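**Student:** One structure, as structure tokens, below. Some questions next.
The values are calculated or read from the model by the stated rules, or taken from the named source; none is laboratory data. Fair warning: this is a prediction, and the values are worked out from it, not measured in the lab. FYI the Cβ positions are ideal-geometry reconstructions off the backbone, even for glycines, and counts take in every protein chain you see. Note: areas computed on protein heavy atoms with side chains; ligands, DNA, RNA excluded. Shrake-Rupley method; radii C 1.70, N 1.55, O 1.52, S 1.80 Å.
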Amino acid sequence: MRSDGILGNINDQVTGVKATTSKRVKWLQRRERWLVVLGVILHAVYMLSIFDIYFKSPIVRGVDPVPPRFSAPAKRLVLLVADGLRADKFYEPDSEGNYRAPFLRSIIKNQGRWGVSHARPPTESRPGHVSIIAGFYEDPSAVLKGWKANPVEFDSVFNRSRHTISFGSPDIVPIFCGALQHSTWDTYPHEFEDFATDASFLDLWSLDKFQSLLNQSNEDPKLKKLLQQDNLVVFLHLLGCDSNGHAHRPFSSIYLNNVKVVDHVAESVYNLVEDYFKDNLTSYVFTADHGMSDKGSHGDGHPTNTDTPLVVWGAGVKHPLPVSSSNHSDRGFRFVDDHVHDAPTPIEWGLHGIERVDVNQADIAPLMSTLLGLPCPVNSVGILPRDYINMTKAEEVEAVLSNTKEILNQFLQKSHIKQSQLLYFKPFKPLSHYSSILDKLEGLILAKDYDAAMDLSENLRSLALQGLHYFQTYDWLMLMSVITLGYLGWMIYLVLHVLQSYTSLPGNIFGMERAAERNSQRKIYLCGCIVTGMICLLFVLEHSPPLYHAYMIMTSFLWIQIISEYQFMKALWKHLFERRMYRIIKLLATTAVAVFIAEFLVNSFTDRKLYTGCFLLAGATASFYLFKSIPWRSGIPIYVCISCWFLSIFTLMPAEIPDNNLLVVSSGAVIIIIGIAARWLALHAGGSKFWLSICNCELKNPKYSALFYFQALLVALSSLMVYLSTTHRAEKQELLVFHQLINWSIAGFSMVLPLFSENSILSRLTSIFLGFAPPFLLLSIGYEAVFYAALALVLMAWILFENTLFNLNIKNSSSNSIKNVTNHLILGYDNRSLQLSDVRIPLAFMVLFNIAFFGTGNFASIASFEISSVYRFITVFSPFLMAALLIFKLFIPFILVICAFSAITKLNQVPRMGCYFLVILFSDVMTIHFFFLVRNTGSWMEIGNSISHFGIVSAQVVFVLLLFALTNTYTKNIQCNSAAKTTRKAN
């Protein structure tokens, strides 16, 4: 009896197997479909668990507003939000030493206060505006509900106003004013948001609409009366910087000139308002929702995205103060983006002599409410920045107390809701005597001890914020335990399935009669259902969310299935320890290597450079092995080494891909050369025994030659269109419709052609490589086009390595004749059983799959997608189509990897679904690691990355499966002209 460890032990007795083959094949297909569906549902449900554990919605229903007990400093407020404006580009001078915002700088020096507003990721337009206007940080789960629609009803400064006037983007203004009865608003059409043009005219559009409204009021008494009311809010959304930053980068002259346009709008609005009302009772707030990274994107927690300007002036606002060491007592305080309070002001800003007051973005909402004398938005968690407001000491204390009571009311409502739901409730002890603290506060105010009242109020506010966080993570321990057990149960269940379905374990384990076990299994199922039902009943009594039931049922189901297989596991354990010690050591060593590679991949999410060392080592090791193993003279070892070393270069390159149009065009030529080399190899090497399994000697069909030349022509044409489209757009500031149609046609048509190519491994993979090259080139802006070619070379090296192993194994096929027949009959396919050594295939796939992900940037970060990649297909802002194109570009290297993986499983005659389940198993080792790395403290850059890492690995089971289904269209009829089939027939 031969064996290759626990995954490859061979049963010498094959009598009677043929009779059950057909039945077993149907059973296996049903079970595979069931497992795939279960895996997709499980990962989708468990992926949502981090939002229940760490990031529940901050909205608290039923909170009452706190009416202010102070007079309003201002009668109206003007809010100007420059979308996508970076703080440094706003404050710093240009190359000639002139400041880009002269009006607002004069305000900073003579009339108002200034600072940096620190935003919290995701630094997108919707959550940024929610923070500014509503005063809370939208939970990350809101991204699942969409930025555009309003997924939840929330209170805002606009809701509390008597009337709100708003003009700007159709993506922002309707969120806050669409359902507001007391509002006047208008937006420009979506077609105006064209990235091929200078978008600064959008800011001037908002200014013109406001000016027209004021002019109209001179002829409309009703409108004039409305404008003269108190508690009026004017909101102008200025999108120009965001659009120009995406299209032209924040260092471009167009973006920097847009800063001057924004300053002009602010000056014009100020003059219009002051000339119209003439009462000096208007407050002005100028800020931005988020910044812009150097490559023209935003979303993560990098300072270029989180640092935004803040300038406040007018009624109720303090005048400038000189810098003083006694101005702040909270120097150790950290903002939501992990910046330290009173961070040094860059010298080039020229403002180091004027006091800078930084705030968290959510602090702007209570500031605006206080200036207007309105209640704070009921879900606001912002802290009133006292250094901005110009009030008497008594009024200042009342304003802070109003801010405190609003946050305390949220805590009390949250506590009440939780207590009414739970059978056993643990209160937040530091606020158990909050009423006595409030009584003491009122006493201090009556005694006019304002300093003590201020300190006590701020301390109470801090405790209330801690209490809100306490209830946000109240169910943390229980949920973490359930989800962890669920992942472990899924992994064990997968191992059992692989062992039972794709290996040739001895008949006393695999083929055992199950009739005697049915009664005990029924008891296990009954007990499991009773326990699960009792837990779910407890959840019902505690009014737990529906997902809590889903987590528990999923975890219980998996462990019931595992326990029901205890006889198999018992026999397996006995069988394992009957093996020779070196077999056990081999199994443990393989497991250790698999876990090591999984942990290596976990660390690669934060350090791309690890792949450089990985491929340098892999190239050297593989080539050394091939030199020793190949008994004939061959350049294959050298090729494998060079291709791996070439690919290792890319993870040393910057994640922010610099524009290089010439490099993209040149990459088209490289891709054609690689295609020609592969074509020559397929035509001239098929006669050799080594190449027999991946080449076809009958390739001289004119139809296939014409197809190859046509595909090469499309690659050349796509390179030409890259040059023409980009050059014309750069010169004329537009994308021609003719160019657009050609690009779409080339990209779509080229991906269909591989379906008509010759079906040998090398020919079909070459055709797939050439077929997906045109869309990838058209979506490329720099070195990622070269990466596409380098990845294809390494995938070919992987196939050559596996082909070498395959040919070496054929030499020993005569001694394995019984093994071949047995494996064929057991699996019922043209496949053999999985062996322990086959674990290398899914492990190599995982490494290559991840290098396809990280080879051209850190796509685990939300801001790493380069939006200018889509400008050869579309320039008018369309978020869903643009996102689809970016994701498709990301998937193209994955498609190459999966096609190579499918070809290798056919070459080695191993079950592809068995290898797929091993891929999912190893991915879940990473998933459970990332599950424990999810953070809800520290900088929001770390928090955002931890969420995206966990989400990406969790989603692998889904999109790997989808890509398998997609690529199966291209690879299902691939044939291996293998000598093994001849050997098998003879046997």
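**Student:** Restricting the search to segment 367-399, which residues are part of a helix (DSSP H, G or I), of a type outside the set (Gly, Ala, Ser) and buried (at least 23 other Cβ atoms within 10 Å of the Cβ)?
**Tutor:** Leu367, Met368, Thr370, Leu371, Leu372, Tyr388, Val397, listed by residue number.
**Student:** Another question about this same structure. Out of the helices (runs of 4 or more DSSP H) lying entirely within segment 891-987, which hold 2 or more residues that are crowded, with 17+ Cβ neighbours inside 10 Å and at pLDDT 85 or above?
**Tutor:** The helices (runs of 4 or more DSSP H) meeting that bar are 912-933, 940-971.
**Student:** From the list Glu542, Glu513, Glu458, Glu517, which one is of a type in the set (Asp, Glu) and at pLDDT 90 or above?
**Tutor:** Unique residue meeting the criteria: Glu458.
**Student:** Taking segment 107-145, which residues are modelled with pLDDT of 85 or more and among the β-branched types (Val, Ile, Thr)?
**Tutor:** Residues satisfying the conditions are Ile107, Ile108, Val116, Val130, Ile132, Ile133.
**Student:** Take segment 475-507 and flag every residue that is crowded, with 18+ Cβ neighbours inside 10 Å and either without any contact (Cβ under 8 Å) to a residue 24 or more places away in the chain or outside any helix (DSSP H, G or I) (or both).
**Tutor:** Those that are crowded, with 18+ Cβ neighbours inside 10 Å and either without any contact (Cβ under 8 Å) to a residue 24 or more places away in the chain or outside any helix (DSSP H, G or I) (or both): Asp475, Tyr502, Thr503, Ser504, Leu505, Pro506.
**Student:** Quick one: count up the residues across segment 753-763 that are part of a helix (DSSP H, G or I) and buried (at least 24 other Cβ atoms within 10 Å of the Cβ).
**Tutor:** Number of matching residues: 3.
**Student:** Continuing with this model, one more query. Just the residues that are in a helix (DSSP H, G or I) and more than 13 Å from Gly291 (Cβ to Cβ), please, taken from segment 122-137.
**Tutor:** Correct list: Arg126, Pro127, His129, Val130, Ser131, Ile132, Ile133, Ala134.
Each row is one residue, and each column tells you yes or no for (1) buried (at least 24 other Cβ atoms within 10 Å of the Cβ); (2) closer than 30 Å to Tyr255 by Cα; (3) in contact (Cβ under 8 Å) with a residue 12 or more places away in the chain.
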| residue | (1), (2), (3) |
| --- | --- |
| Val66 | no, no, yes |
| Phe70 | no, no, yes |
| Lys75 | no, no, yes |
| Val78 | no, yes, yes |
| Gly84 | yes, yes, yes |
| Glu92 | no, yes, yes |
| Glu96 | no, yes, no |
| Ser117 | yes, yes, yes |
| Gly128 | yes, yes, yes |
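Matching residues to (1) closer than 16 Å to Gln111 by Cα; (2) polar (S, T, N, Q); (3) open to solvent by less than 40 Å² (accessible area, probe 1.4 Å); (4) out of contact with any Gly (no Cβ under 7 Å at 6 or more places or on another chain):
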{"position": "Asn244", "(1), (2), (3), (4)": "no, yes, yes, yes"}
{"position": "Leu256", "(1), (2), (3), (4)": "no, no, yes, yes"}
{"position": "Asn271", "(1), (2), (3), (4)": "yes, yes, no, yes"}
{"position": "Leu281", "(1), (2), (3), (4)": "yes, no, no, yes"}
{"position": "Gly296", "(1), (2), (3), (4)": "no, no, yes, no"}
{"position": "Thr306", "(1), (2), (3), (4)": "no, yes, yes, no"}
{"position": "Val317", "(1), (2), (3), (4)": "yes, no, yes, no"}
{"position": "Val323", "(1), (2), (3), (4)": "yes, no, no, no"}
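**Student:** Still on this structure, please answer the following. What about Phe615, is it out of contact with any helix residue (DSSP H, G or I) (no Cβ under 9 Å at 6 or more places or on another chain) and at pLDDT 90 or above?
**Tutor:** Answer is no for this residue.
**Student:** Is at least one residue of segment 278-291 touching a residue at least 12 places away in the same chain (Cβ under 8 Å) and in a helix (DSSP H, G or I)? Break it down into steps so the answer makes sense when it comes.
**Tutor:** First, pick out the residues of segment 278-291 that are touching a residue at least 12 places away in the same chain (Cβ under 8 Å): 279-291.
From what is left, the residues that are in a helix (DSSP H, G or I) are none.
No, segment 278-291 has no match at all.
**Student:** Within segment 251-269, track down each residue that is more than 23 Å from Pro170 (Cα to Cα) and touching a residue at least 24 places away in the same chain (Cβ under 8 Å).
**Tutor:** Phe251, Leu256, Asn257, Lys260, Glu267
**Student:** Looking at segment 623-655 only, could you name the residues that are of a type in the set (A, V, I, L, M), open to solvent by 20 Å² or more (accessible area, probe 1.4 Å) and at pLDDT 90 or above?
**Tutor:** Correct list: Ile638, Ile642, Ile649.
**Student:** Scan (1) open to solvent by less than 20 Å² (accessible area, probe 1.4 Å); (2) at pLDDT 90 or above; (3) not in a helix (DSSP H, G or I) for the single condition Lys448 breaks and write down its number.
**Tutor:** Condition not satisfied by Lys448: (1).
**Student:** Sticking with this structure for a sec: What number goes with the only condition from (1) open to solvent by 70 Å² or more (accessible area, probe 1.4 Å); (2) touching a strand residue (DSSP E or B) at 6+ places or on another chain (Cβ under 7 Å) that Asp203 does not pass?
**Tutor:** (1)
**Student:** Which residues, taken from segment 749-790, are more than 11 Å from Val664 (Cβ to Cβ), at pLDDT below 90 and among the small types (Gly, Ala, Ser)?
**Tutor:** Once the filter is applied, which keeps residues that are more than 11 Å from Val664 (Cβ to Cβ), at pLDDT below 90 and among the small types (Gly, Ala, Ser), segment 749-790 yields Ser757, Ser760, Ser763.
**Student:** Of all residues in segment 49-107 being polar (S, T, N, Q) and in a loop (DSSP other than H, G, I, E, B), which is nearest to Thr306 (Cα to Cα)?
**Tutor:** First, the residues of segment 49-107 that are polar (S, T, N, Q): 49, 57, 71, 95, 98, 106.
Of the ones still in play, those that are also in a loop (DSSP other than H, G, I, E, B) are 57, 71, 95, 98.
On the way: Ser57: 22, Ser71: 34, Ser95: 24, Asn98: 25 Å.
The selected residue is Ser57.
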